[in-house]
Amino acid sequence: MGLRQDLTVRAKDVVKKRLGRGIAVEQFDEPYLVVAVLGQSNAHGAGRGLDRSGLDAPHPRVHQWAASGRSKNSIVAGSNPLFHEVPSKAVGFGPTLAAHLADTTGKPVLLVPYARGDSGFARIHGISWDPADTGARVNLFWNAMQRIRTGLATKAGNELAAVLWHQGESDVPLLTGPVYAEKLDSLIDALRAEFGDVPFVLGQMVPDEIESGEPNYAVIDAVHAETPHRRPNVVYVPGPRGLYNSETEKIHYSGEGQRELGHRMWNAFAGMTPRVVQSTDTA
């Protein structure tokens, strides 16, 4: 990537990070279950079909620790679109899982959104998810770690319940399977070195894109699927077929696909965390 392109991305970021204001909420007296949402565009929320007053309306017990916009560093409603490293404009899967968690436990949930479109372990526009890339202009991993720390510090007793991860598309043409696996495992290890054996929920890239894209898609998907065999307390969640934005944008789940992936991620998470999730869920 050329210097001019990097500078253009940087200039656009300055503007985007100032956009939007979250929906004001009253904070709870009790601590939050904290859920981090990390990765690239599907984690950021790229699903068309935002329904602000219906399917994507705020849940009364789901908030977010805003990372951008005019509400940055404040707690606002945790509904789509979320305030990630730059604000999202569309539907993501995080609020769906968070709503299930809040309904099941009766506890408030605080989303910590910190995903970015077109980002990978390979450095792109000077930006990287690689914990070891100390030369990156923006290291998303270490920035995300700080967002989790500050989100946990918003109230005494807050608990990191899960990390949701969806990423890989940008690394498909740039990294081999073994290198990608090494980078992903190092990210999980670095997270857990500070926050303990937190559940790591890994969503599948859009199956239709995997099948129609370049061959290395299947390689990266296989790395994702095998992650629970390399690291404990990790679950890989297959994504829904046929629920993408358009025939020319299969890389992104549609709004319906994002919500369905959120349901699937919840079911997978519920099956791996009996200490957090009680058996009262009927979803």
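The values are calculated or read from the model by the stated rules, or taken from the named source; none is laboratory data. Note that the structure is a prediction, hence the values are computed from the model and not measured. In this analysis, Cβ positions are derived from the backbone assuming ideal geometry, glycine residues included, and neighbour counts consider all displayed protein chains. The area values use the complete protein model at the heavy-atom level, side chains included, leaving out ligands, DNA and RNA. Shrake-Rupley method; radii C 1.70, N 1.55, O 1.52, S 1.80 Å.
Table for the structure above
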quantity	calculated
Average accessible area per residue (Å²) across segment 100-151 - probe 1.4 Å, nucleic acids and ligands excluded	29 Å²
Dimensions in Å of segment 148-198 - Rg and Dmax from alpha carbons	14.2, 43
Length-normalised contact order for the chain - Cα pairs under 8 Å, 6+ apart - percent	21 percent
Kirkwood estimate for segment 97-171, i.e. one over the average of 1/r between Cα atoms, Å	13.9 Å
With eigenvalues of the C-alpha gyration tensor scaled by 5 and rooted, segment 140-277, Å	26, 18, 14
Solvent-accessible area, 1.4 Å probe, carbon plus sulfur percent, for segment 45-135	48 percent
Cα gyration tensor shape for segment 156-236, rounded if a/c is under 1.5, else prolate or oblate	prolate
10 Å-binned pair-distance histogram of segment 113-154 (Cα, whole percent)	33, 49, 18, 1
Most to least packed among 52-59, 85-92, 223-230 [average Cβ atoms within 10 Å]	85-92, 223-230, 52-59
Solvent-accessible area of residue 119 with every protein chain in place, 1.4 Å probe, in Å² to the nearest 10	0 Å²
Descending semi-axes in Å of the chain, equivalent ellipsoid built from Cα gyration tensor	26, 22, 19
Under Karplus coefficients 6.51, -1.76 and 1.60, residue-wise ³J(HN,Hα) of segment 37-51 in Hz, glycine/proline x	10, 10, x, 10, 4, 5, 6, 5, x, 10, x, 6, x, 4, 10
Accessible surface of segment 143-282 [probe 1.4 Å, protein heavy atoms]: carbon and sulfur percent	52 percent
Potential extension, residue 137-residue 186 segment - 0.36 nm per residue separation minus Cα distance	15.7 nm
Taking the C-alpha atoms of segment 30-180, convex hull volume expressed per residue in Å³	117 Å³
Segment 159-205 - percent relative contact order, Cα under 8 Å, separation 6 or more	73 percent
Label-point separation, residue 55 to residue 146 (7 Å along Cα→Cβ), nm	3.6 nm
Relative contact order computed over segment 55-210 (Cα-Cα under 8 Å; 6+ residues apart), in percent	17 percent
